[in-house]
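Worksheet: one structure, shown below.
Bear in mind that the values in this text are calculations on the coordinates, not laboratory data. Here the structure is a predicted model, which is why all the values come from computation and not from measurement. Glycine gets a Cβ as well: all are built from the backbone with ideal geometry, and neighbour counts include every protein chain shown.
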Amino acid sequence: MSETDSYTSPLSQRYASREMQFIFSQDMKFRTWRKLWIALAETEKELGLPITDEQIAEMKEHAEDINYDVARAREQVVRHDVMSHVYAYGVQCPKAAGIIHLGATSCYVGDNTDIIIMRQALLLIHKKLVNVISKLRNFAEEYKDQPTLGFTHFQPAQPTTVGKRATLWLQDFCLDLDECEHRIESLKLLGSKGTTGTQASFLELFDGDMDKVDRLDPMIAQKMGFAACYPVSGQTYSRKIDTQVLDVLGGIASSAMKMATDIRLLAHLKEIEEPFEKTQIGSSAMAYKRNPMRSERICSLSRYIMVDTLNPAITAGTQWFERTLDDSANKRLSVPEAFLAADGVLDLCINVTDGLKVYPKVIEKHLRDELPFMATENIMMDEVNNYGADRQKVHEKIRELSMRAGRRVKEEGLDNNLLQLIAADPDFHVNAEALEKHMDPMKYVGCAPHQVERFLKEYVDPILEKYRDELGVQAEIKV
């Protein structure tokens with residue numbers, strides 16, 4: 001079979017980076033298995049079992065060069081992936097063959113490797129999150145003073161600034177970074193717990209010496225770069241761990257979808273557009289179109305991730321007692337694909353946020369169309385404070401004139417003439433020139449510029465300073 005006559009995953013072909021694909025590759029998986037077998041053998045030797053330096057040296061010599069052909073052939077016979085690789089490793093290491101996997105069950109390599117791979121993948125997710133935050137931070141600062149129409153219910157509302165709106169996206173990603181950091185720091189290894197988590201095989205190996213059994217897991221964890229192992233388990237680590245890890249990815253997907261959806265809506269308004277390359281085609285039929293396809297792809301992949309997060313939650317809830325195998329096939333799909341999709345989403349987010357195009361003139365036109373309605377509160381206050389008018393009567397008069405101006409805009413497609421109606425009404429004490437002063441949009445954005453500056457200085461910049469060595473990721477968009 002070739003690439004063209006069999007199914008290949010679009011996650012690897014179109015969306016995920018080479019770096020993330022390697023983390024979930026066969027090489028990464030089986031090299032980690034061998035590192036775990038080496039750590040186990042070294043620890044058992046240090047705890048007094050008759051394992052020689054020569055055996056461990058032989059294992060280390062072949063830690064990287066996996067003899068896949070031997071393992072695949074053996075699996076056809078025994079129908080067991082771990083035992084096939086134990087056998088293949090033993091073929092390369094005849095002196096050590098008898099002590100490879102000594103006392104362990106399959107989950108020793110399978111589950112510990114899953115944890116190691118998930119942590120490595122989270123570290124890459126963390127790096128890309130930091131870069132999304134950096135791009136958005138620069139965008140928010142650049143446009144912190146650019147007034148724009150606010151929207152509630154996607155209806156015109158009190159103005160904000162382009163930069164302030166970007167801080168809403170930015171804060172969500174910062175919250176995701178917090179969750180990602182917590183999960184990286186709290187992940188532990190399964191260790192070597194045995195078939196039902198009781199470590200009975202190791203108690204037997206160490207002739208009933210409980211102290212040596214207690215020392216086994218911490219020593220393995222230290223060798224594999226972890227602070228500790230989970231204190232108790234069945235045969236596997238709790239599948240709740242997979243749930244917690246994928247919840248981080250689901251949170252990122254939610255944040256990315258929110259931002260991308262806003263960008264899509266703003267593209268419809270022609271206020272902001274995602275990057276559009278010189279030779280890019282927006283539509284096969286409509287040559288003029290500039291569809292926000294990258295933002296749409298963010299939403300599409302994010303939806304997949306959020307749905308996929310249900311898989312480990314259901315799997316965790318359906319594990320029977322100390323072990324059942326209905327987790328295996330699901331985990332092989334749900335965990336890697338969630339990471340590959342999240343990796344693709346973050347690459348797209350880096351690309352989009354690095355090249356957002358803002359159209360101030362369009363933004364100003366939309367503001368100009370709606371500001372007369374928003375200026376009425378200030379006009380009403382002037383009438384009450386400076387001319388002793390009855391607030392309720394002024395309110396009712398403004399409501400009537402606003403309805404008339406609104407009908408003109410909606411039914412006749414004409415400009416908003418509310419200010420002219422107010423200037424011409426004898427119940428008001430202002431002329432057109434005075435009313436025009438109320439049309440400065442900066443009068444209506446409140447503390448937005450200050451909020452942006454404070455948020456960036458007090459919250460975002462310390463994050464970027466802490467992780468400055470992770471900056472500089474260049475996202476490759478394949479299609």
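Ellipsoid semi-axes for segment 37-174, based on the Cα gyration tensor and the rule √(5λ), read 57, 17, 13 Å when sorted largest first. Working note: Cα atoms of the chain, range along each principal axis, descending, whole Å: 103, 52, 40. Loop-located trypsin sites (Lys or Arg not before Pro) across segment 1-107 with a Cβ neighbour count of 11 or fewer within 10 Å are Arg79, with loop assigned by DSSP. With kT/(6 pi eta Rh) evaluated at 4 °C and eta = 1.567 mPa s, and Rh the Kirkwood radius from Cα pairs, segment 349-407 diffuses with a coefficient of 92 µm²/s according to Stokes-Einstein. For segment 187-284, taking the reciprocal of the average inverse distance between every pair of different Cα atoms yields a Kirkwood hydrodynamic radius of 17.9 Å. Put simply, the amide H of Thr148, placed in the peptide plane, has neighbours under 5 Å in Thr160, Thr161, Val162, leaving out anything fewer than 5 places away on its chain.
With a sphere of radius 15 Å drawn around the Cβ of Glu64, what net charge do the other residues whose Cβ falls strictly inside it have (Lys, Arg +1; Asp, Glu -1)? Summing Lys/Arg as +1 and Asp/Glu as -1 gives +1. The Arg14 and Tyr459 beta-carbon pair, evaluated with R₀ = 35 Å, returns a calculated FRET efficiency of approximately 0.50.
Taken one residue at a time, the phi angles of segment 352-363 give Karplus couplings (6.51, -1.76, 1.60, θ = phi - 60°) of 5, 5, 7, x, 4, 9, 9, 10, x, 5, 5, 4 Hz. Gly and Pro are set to x. Electrostatic bookkeeping for Ser25 treats Lys and Arg as +1 and Asp and Glu as -1; over the other residues with beta carbon under 12 Å from its beta carbon, the sum is +1. Between His80 and Ser25, the FRET efficiency from the beta-carbon distance, with R0 = 30 Å, is close to 0.90. Report, as a whole number in µm² per second, the diffusion coefficient that Stokes-Einstein gives for segment 106-358 at 20 °C and 1.002 mPa s using the Kirkwood radius over alpha carbon pairs. Reported coefficient: 104 µm²/s.
Pairs of C-alpha atoms in segment 362-444 farther apart than 16 Å represent 50 percent of all such pairs.
If you take the square roots of the eigenvalues of the alpha-carbon gyration tensor of segment 19-92 and sort them as a ≥ b ≥ c, do you get rounded (a/c under 1.5), prolate (a/b over b/c) or oblate? Here segment 19-92 falls in the oblate category. The helix-based estimate of mean residue ellipticity at 222 nm for the chain, built from -39,500 (n - 2.57) per DSSP H run of four or more residues and divided by its residue count, is -20500 deg cm²/dmol to the nearest 500. Distance in nm between label sites at Phe151 and Asp469, each 7 Å beyond Cα in the beta-carbon direction? Modelled inter-label distance: 4.2 nm.
Label-to-label distance for Tyr68 and Val91 is 1.4 nm, based on points extended 7 Å past Cα in the beta-carbon direction.
Stokes-Einstein diffusion coefficient for segment 1-44 at 20 °C in a medium of 1.002 mPa s, Rh from the Kirkwood formula over Cα pairs: what value in µm²/s? It diffuses with D of about 168 µm²/s by this estimate. Based on the Kirkwood approach, the hydrodynamic radius assigned to segment 106-153 is 14.2 Å, with every pair of different Cα atoms included.
One quarter of the convex hull surface, Cα atoms only: what value does that give for segment 290-336 in nm²?
Values: hull surface 14.3 nm².
Its Cα hull, projected and averaged over all orientations, spans 3.6 nm².
Between Asp5 and Asn330, the FRET efficiency from the beta-carbon distance, with R0 = 41 Å, is close to 0.90.
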